[in-house]
Amino acid sequence: MRTLKAEDEQAVERLTLRLLQDAYCDLAAVLRGAQPAAAAAILAVMEQRVTDVLTRICQQGSEGAASAEIAIAVGERIGEVMDQAHGRDGSTALAA
């Protein structure tokens with residue numbers, strides 16, 4: 001595999017996020033349609049895992065001096081995806 005330029009790496013990151021977002025939203029929609037109670041439980045566990053990882057990043061500083069800022073930015077971005085997948089608007093999630 002050849003080395004990618006910085007802008008190409010950014011495209012990889014952007015497209016990866018988009019594909020994962022689409023897959024997560026599609027999966028959540030199928031789960032909610034088939035088994036709403038099970039979907040709520042599964043999606044809540046997934047959210048908690050993300051929260052736990054981001055909390056650990058902040059506590060351990062595993063991403064360097066800006067670990068907290070990085071974790072917050074990642075949390076905001078993932079939160080938007082999860083809100084969309086769960087059929088929530090952003091104001092509901094921020095209040096939680």
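The values are calculated or read from the model by the stated rules, or taken from the named source; none is laboratory data. Remember, it's a predicted structure, so these values are computed and weren't measured experimentally. Neighbour counts run over all protein chains shown; Cβ positions are idealised from the backbone, glycine included. We work out accessible area using only protein heavy atoms, side chains counted, and drop any ligands, DNA or RNA first. Shrake-Rupley method; radii C 1.70, N 1.55, O 1.52, S 1.80 Å.
Taking the stretch 59-71 on its own, how many of its residues are in a helix (DSSP H, G or I) and small (G, A, S)? Break it down stepwise before answering.
Within the stretch 59-71, the subset in a helix (DSSP H, G or I) is 59-60, 67-71.
From what is left, the residues that are small (G, A, S) are 67-68, 71.
Of the residues in that region, 3 qualify.
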- Task: Can you tell me which residue among R18, R77 is without any contact (Cβ under 8 Å) to a residue 12 or more places away in the chain, out of contact with any helix residue (DSSP H, G or I) (no Cβ under 6 Å at 6 or more places or on another chain) and among the basic types (K, R)?
- Result: R18
- Note on the structure: Note on the stretch 1-18: residues open to solvent by 60 Å² or more (accessible area, probe 1.4 Å) and outside any helix (DSSP H, G or I) are M1, R2, T3, K5
- Item | Output for the stretch 19-58, where each listed residue is over 19 Å from I70 (Cα atoms), in a helix (DSSP H, G or I) and open to solvent by 90 Å² or more (accessible area, probe 1.4 Å) | L19, L20, D26, L27, V30, R32
